[in-house]
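Everything on this sheet refers to the single structure shown next.
The values are calculated or read from the model by the stated rules, or taken from the named source; none is laboratory data. Just so we're clear, the structure is a prediction, and the values are computed from it rather than from any experiment. Cβ placement follows ideal geometry from the backbone for every residue including glycine, while neighbour counts extend to all protein chains displayed. Just so you know, the surface numbers come from the protein's heavy atoms only, side chains and all, with ligands and any DNA or RNA stripped out. Shrake-Rupley method; radii C 1.70, N 1.55, O 1.52, S 1.80 Å.
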Amino acid sequence: MYTFRYELFILKRKFVNQKSSKIYPLLKYDVFLSFDDNDTELRFWVMKTLASYLQGACYKTFIPCRDGNIGEVREEAMIDNINVCKNYIVILCDKYHTEDTFWTTIEWKYIWHNFKQNKERQIILINYHQLESSEVREIKLKAFIRVGTDIDFSNRKHTLLQDIQDRLGSRFLQPIIPFNFF
């Protein structure tokens, strides 16, 4: 059981509907997108296709390389933004969790922590480079692939974006209606 502890945890979260009675902080975003922004093709696909699709479906997205503020302490801002997101989309590529990508490694650590602590949140893993579990070094990411909960980027049914939206479910955030006090 110890060897497959993360697989068991993911399956338990998937099949056992657990609603928490905790009160969570105000959520600002529907989804946090984590990916290797040094990969030009991947960044272009995320910005032009995935983010556009999600925004068109009225999801409020946070993308660190687009929405981060210049001059702020990056790790603290990352923690704050991960904490105020309902769900997380992790786009797994061959360099996502390596020594070359320090910030995605840190992002993953905080995403996993929030996922583990908050039962209402979920991680949607998109396997961009169609990696096998043996090619992934990080054991928690490997568990998602072993369990089969990852979404294959080469979706032959051409339903990748719809599959992502189905897993995200309905929008959490309601439109803000300004109050007129006078």
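Taking the criterion of being under 14 Å from the mean Cα position of the chain (by Cα) and either open to solvent by 20 Å² or more (accessible area, probe 1.4 Å) or polar (S, T, N, Q) (or both), would at least one residue in region 140-147 satisfy it? Scanning region 140-147 turns up at least one residue that is under 14 Å from the mean Cα position of the chain (by Cα) and either open to solvent by 20 Å² or more (accessible area, probe 1.4 Å) or polar (S, T, N, Q) (or both). Do we have any residue at all in region 79-100 that's free of Cβ contacts under 8 Å to residues at least 40 places away in the same chain and within 25 Å of Leu160 (Cβ to Cβ)? Yes, some residue in region 79-100 is free of Cβ contacts under 8 Å to residues at least 40 places away in the same chain and within 25 Å of Leu160 (Cβ to Cβ). The one condition from (1) part of a loop (DSSP other than H, G, I, E, B); (2) among the β-branched types (Val, Ile, Thr); (3) closer than 28 Å to Leu26 by Cβ that Ile126 does not meet is (1).
Residues of region 44-103 that are among the aliphatic types (A, V, I, L, M) and closer than 13 Å to Leu33 by Cβ: Val46, Met47, Leu50, Ala51, Leu54, Ile63, Met78, Ile82, Ile89, Val90, Ile91, Leu92. Number of residues in region 119-134 that are free of Cβ contacts under 8 Å to residues at least 12 places away in the same chain and open to solvent by less than 20 Å² (accessible area, probe 1.4 Å): the value is 0.
Inclusion of Arg156 among residues that are charged (D, E, K, R), in a loop (DSSP other than H, G, I, E, B) and farther than 24 Å from Glu41 by Cβ is not warranted. State whether the residues of region 157-174 include one that is open to solvent by 30 Å² or more (accessible area, probe 1.4 Å), at pLDDT below 90, under 30 Å from Tyr2 (Cβ atoms) and within 18 Å of the chain's Cα centre (by Cα). No, region 157-174 has no match at all. Does Leu131 count as in contact with a Leu (Cβ under 9 Å, 6 or more places away or on another chain) and in a loop (DSSP other than H, G, I, E, B)? Answer is yes for this residue.
Among the residues in region 27-50, are any of a type in the set (A, V, I, L, M) and either at pLDDT below 90 or more than 21 Å from Tyr128 (Cα to Cα) (or both)? Checked against the condition, which is being of a type in the set (A, V, I, L, M) and either at pLDDT below 90 or more than 21 Å from Tyr128 (Cα to Cα) (or both), region 27-50 yields at least one hit.
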